[in-house]
Structure formats: structure tokens, C-alpha cells
Amino acid sequence: MKANVVVGGFYGDEGKGKIVGYLALKDNPDYVVRAGGGPQAGHTVTEGKKVTQIPSGFVNSSSRLLIARGTVINPEIVLREIEEYGVEDRIGIDFGCTIIQRKHRIEEKGDLVKRIGSVGTGTGPARKDRILRKAKIAKRIELLRPYLTDVAQEINDALKSDKRILIEGVQGYGLSLLNYEFYPNVTSQDTTASQFAADVGIGPKAIGEIFVVYKAYVSRVGRGPLRYKWTKRKAQKLGIQEQGTVSRRPRRFGDFDKELAAKSLIGNTGTQSAITCLDRLFDGNASIREFSKLTTEARNFTRDIEVFLTKQSPYFKGITLISTGPNSEDIIDRRQVL
Ligand code: GTP
Ligand code: MG
């Protein structure tokens, strides 16, 4: 079976952790692989369960968890999360992961944090050293030895033996290093499905479904442009207040950005999409699990976006997942219907 990938459609924090957690429980993948990013990308899987380095799919205790070679890691944080969620027996870390050292965090604080509002975890400077062939990689870190593996080989073998594989990308389309509109307020790598496949070490033909995750509104932490921006009053009226999972800085909000949604759908060749936090935007939709039970307003909103997205890409089949609350069961899964 081909590997499915989950990517962010806006600026990260679309709720990928929640969607991956749901897919991990529902589809029971043999492997869940975290691809790309570093400890700067935080995911909330369900209320109170947050990860920055280990896969969000840890909530399914029968899945093997892997951290791909394209992910930058801080050994201290990885080891802490492995212990916190008790996944010692089923996690593997690729020999080739780039390692963050103290000097990278210091370098980031003195530069990127001030200049573009980076989070300060050292991810960007570690990647820079990787490009200069100066970075340490995981195979040299004694403390990681019990977990080290060749993720590319594991996943390519798994593809051969028809195992189920779920790859979780990080951040979002609007944060890609290659995005000229938003540069330099971007992250240190590309953030599309192709990149995440490369991070894992598989080729494009091994990818099956590509889920592009959007929030029902746009949220953005840190600096950089944001279209259709809400006033403080609008956010207050809706009772929406959010902070960065890692940075704890307040997020800014805007209306659902169709233009960005279309670009990310096309750039990822998204085959399905998920919309999260619909309950936050429209009252009366919390924990709804059937499309027909959503309020008319929420249904029309979703349909309108679906019609629009369908016109953008021949690969797109529809909005198949609609999240209506923080927990895994708060979801409408329309994959059977479509
Ligand atoms: P990713 O980085 O994309 O994984 O998201 P995140 O966890 O960094 O950020 P997000 O803002 O999406 O999540 C913040 C909070 O929203 C967390 O507490 C989630 O549990 C919660 N959340 C996720 N999806 C939904 C939803 O559909 N409705 C509601 N009310 N909360 C949600
Ligand atoms: Mg996040």
C-alpha cells in the first residue's frame, strides 16, 4: 500500500496533530513517520497531549513510530518525549537526523529570533550547518543509540510488504523556504508533500493520499503577512484566543484564505483535505460527527470551500475530514461517502 501524507495548508498550526492522531487511531497504520521540521513545530494531538519531536500518531499504541532523516532533532527533547509517552519499545530515529547543539540555539537567539521572529530552538542554524557539512548527525550521538535505525529502508521494506504508512508533515505551505511571497518570514525547508517524502527517503510514486489540513480560519504566530486579518474585536467576539504551541506567543487571525488554500492544494497535489476548528468559528457545531447535523451556516461554509477547491485541482476528491473539537472523536469522516 502507498504511504499517506498529512501536510499543513496555511501557516502551520492548522491542527495537523489532531488529524494525524485521528487517522492513526482510525486507520491503524503499521508505521507513523514524522517528517521534516524540528522541535520548533509543536502538535497538539488531543487535549493535554503535545509533542514536538515524536510522531503525533503515538496515540495508537500498536503503530511503530519513526523520526525521518529530514527531521532536525534536539536529543534532550526527543528523549524527554519518548519517556513522557512511554514509547521506548516502538520508536526509531534515523541515523541521519541533523542534531541541534547549544551553539545553534545561541546563534538563533542572536539572529533569526530578532530578525524574523523565529522560535529559538536552533533548528535553522542546525540545518545551515548540515548544508555546510558541519552538523552532527544522530548516528554519532551515544544517547540515541538504542533507537537508531534506517527509516528509509524500514519504510521502503514496509511499502514492499503492503504495510500501512502514515507520514506527518509539519508547519504549512505558507511557511516554505521556497515561497517567494512570504520570504524571509518562512521556515528552513520546503513544506510540501514532496519534501516530506524526500525527508523520509521515499520517492513520489510511493505516495497515496495527500491530506491538506486547513483551519476554518487562518492563524499565524510570529511575523509575516496575513491577509483578511481580523480585528482584535472580531477574535474576542468569537472567543478565539490561541498561543503558539512551542513559542507561547499569541497568534494572529484572519478569514479562511482561499487564495492560499488553492496554492497549497495545487503545490501539494492534495487529494483530500481536512478542515479543523469549525466549531470555534460557528456556534452549535461542537463535537458533531455527521455532516447533516452541522448548522446550515457551517455546512454552507464547508461546501463553498469544497466547490472552490474542486475547481483548482484534478487530484482533489473533497473535504473528507471535518474537525469539530479537540479530541479524536470530535470529527466528521466523509471518506466512505466520497
Ligand atoms: P499543528 O501544528 O497543525 O499540529 O497544530 P497545533 O496543535 O500546533 O495548533 P492548533 O492551534 O491547531 O491546536 C491548538 C488547539 O486546538 C489544541 O488544543 C487542539 O487540541 C485544538 N484543536 C484542534 N482541532 C480542533 C477543533 O477542530 N476544534 C477545537 N475546538 N479545537 C481543536
Ligand atoms: Mg503546531
Legend entry - Sparse-neighbourhood loop sites, trypsin sites (Lys or Arg not before Pro) in region 232-263 - DSSP loop, at most 13 other Cβ within 10 angstrom: ARG248
Legend entry - Coarse-grained scattering of region 66-109 at q = 0.19, 0.30 Å⁻¹, given as base-10 log I(q)/I(0) from a Debye sum over alpha-carbon atoms: -0.63, -1.08
Inset, instruction - Mind giving me the nanometre distance, one decimal, between the label points for MET1 and ASP30, set 7 Å out from Cα along Cα→Cβ? - result: 1.0
Inset, instruction - Run the numbers on the chain and let me know its relative contact order in percent, using alpha-carbon pairs under 8 Å that are six or more apart. - result: 22
Inset, instruction - For region 26-184, just list the percent of Cα-Cα distances falling in each 10 Å bin from zero outward, please. - result: 11, 39, 35, 14, 1
Inset, instruction - Can you put ILE275, ILE305 in order of Cβ neighbours within 10 angstrom, beginning with the fewest? - result: ILE305, ILE275
Legend entry - Whole-Hz ³J(HN,Hα) from phi, Karplus 6.51 cos²θ - 1.76 cosθ + 1.60, for region 232-239, glycine and proline x: 4, 5, 4, 4, 5, 4, 7, x
Legend entry - Largest to smallest principal axis extent of the C-alpha atoms in the chain, angstrom: 57, 48, 36
Inset, instruction - Quick one: order HIS43, HIS104 by neighbouring beta-carbon count within 10 Å, fewest to most. - result: HIS104, HIS43
Legend entry - Virtual spin-label span in nm between ASP304 and SER62, 7 Å along Cα→Cβ: 4.2
Inset, instruction - Please figure out what share of the DSSP beta bridges in the chain is antiparallel and state it in percent, rounded to the nearest 5. - result: 30
Legend entry - region 127-192: translational diffusion in µm²/s, Stokes-Einstein, Kirkwood Rh over Cα pairs, 4 °C, 1.567 mPa s: 87
Legend entry - Neighbour-count order for VAL186, VAL307, VAL218, fewest beta carbons within 10 angstrom listed first: VAL307, VAL186, VAL218
Legend entry - Space enclosed by the convex hull of the alpha-carbon atoms of region 174-325, per residue, Å³: 130
Inset, instruction - List every residue whose amide H lies under 5 Å from the amide H of VAL213, counting only residues 5 or more places away in sequence or on a different chain, with H placed 1.01 Å from N in the peptide plane. - result: VAL7, GLY8, GLY9, ALA274
Inset, instruction - Take the Cα of ARG90, step 7 Å along the line toward its Cβ, and report every residue of region 132-163 whose backbone nitrogen sits under 11 Å from that point. - result: none
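Rule-based calculations on the coordinates, nothing more; no lab input. Being a predicted model, the structure only gives us computed values, none of them experimental. Positions of Cβ are generated from backbone atoms using ideal geometry, with glycine treated the same way; all protein chains shown enter the neighbour counts.
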